[in-house]
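S.K.: The structure's right below; bear with me while I get my questions together.
The values are calculated or read from the model by the stated rules, or taken from the named source; none is laboratory data. Just so it is clear, the structure is predicted and the values come from calculations on it, not from any experiment. Cβ: placed from backbone, ideal geometry, glycine included. Neighbour counts: every protein chain shown. Just the protein is used for accessible areas: all its heavy atoms, side chains included, with ligands, DNA and RNA removed. Shrake-Rupley method; radii C 1.70, N 1.55, O 1.52, S 1.80 Å.
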Amino acid sequence: YLASSEANTVYALDSTTGDVKWQYVAGSTIDSSPTVHSGRVLFGCADGRVYCLDARSGQVAWRFTAAPEARQVCIHGRLQSTWPVHGSVIVSNNEVTFTAGRSSFLSGGLYFYRLNATTGEVLAHSLIFHVDPATEQQLGPKETRFDGVGVVSDLLTSDGESCFLK
């Protein structure tokens, strides 16, 4: 399984011949490889959604909109959600973990989610931000209960117990 960021498409290739078995066109850029888990292909998209496809057929099993509203911006000549989701999502213990957004300093922050990998049901969500929406002033770590000086949404990493942002 691979993604083409130029074509907004995930492809399933035959491992022997390299022929395309199926393809799925998403709503915007897919910036990295999809994640394969239990017969499903999962990936984030710059349209602010996470997609879960059946690995054999490419049919949509579920789709989750992580962006809090339908707002788009033009990035490198292409429309994207203000809250994009990076392509490689983490799947562990049948839970999908990802963020939507660009930075804890922009557009209200990063939306952090954990979903059930089978159903797409929200298991947990949180907002990571460092700007007070009322004053538009940067908040300190104590005020946000977050011990960082700001984070950007990027490919998440995990050690099997914790999830890490850049």
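S.K.: Kindly evaluate Gly58 against the criterion of being modelled with pLDDT of 95 or more and farther than 23 Å from Gly109 by Cβ.
M.R.: Against the criterion (modelled with pLDDT of 95 or more and farther than 23 Å from Gly109 by Cβ), Gly58 qualifies.
S.K.: Sticking with this one: Of everything in region 6-55, what is outside any strand (DSSP E or B) and touching a residue at least 40 places away in the same chain (Cβ under 8 Å)? Give them in sequence order.
M.R.: Ser28, Thr29, Ile30, Asp31, Ser32, Ser33, Pro34, Ser38, Cys45, Gly48, Ala55
S.K.: Pairs needed: first member in region 113-130, touching a residue at least 40 places away in the same chain (Cβ under 8 Å) and under 19 Å from Phe164 (Cα atoms); second member anywhere, among the charged types (D, E, K, R) and open to solvent by 70 Å² or more (accessible area, probe 1.4 Å); C-beta distance under 9 Å; at least 6 residues apart or different chains.
M.R.: What qualifies is Leu115/Glu121.
S.K.: Quick one: in region 57-67, which of the residues that are touching a Gly at 6+ places or on another chain (Cβ under 7 Å) and in a loop (DSSP other than H, G, I, E, B) is surrounded by the most Cβ atoms within 10 Å (Cβ to Cβ)?
M.R.: Result: Ala66.
S.K.: Which pairs turn up if I take residues in region 75-103 that are within 16 Å of Thr157 (Cα to Cα) and open to solvent by 10 Å² or more (accessible area, probe 1.4 Å) and look for partners that are acidic (Asp, Glu) and assigned to a strand (DSSP E or B) with beta carbon separation below 6 Å, at least 6 apart in sequence or on another chain?
M.R.: Listed pairs, sorted by first residue: none to list.
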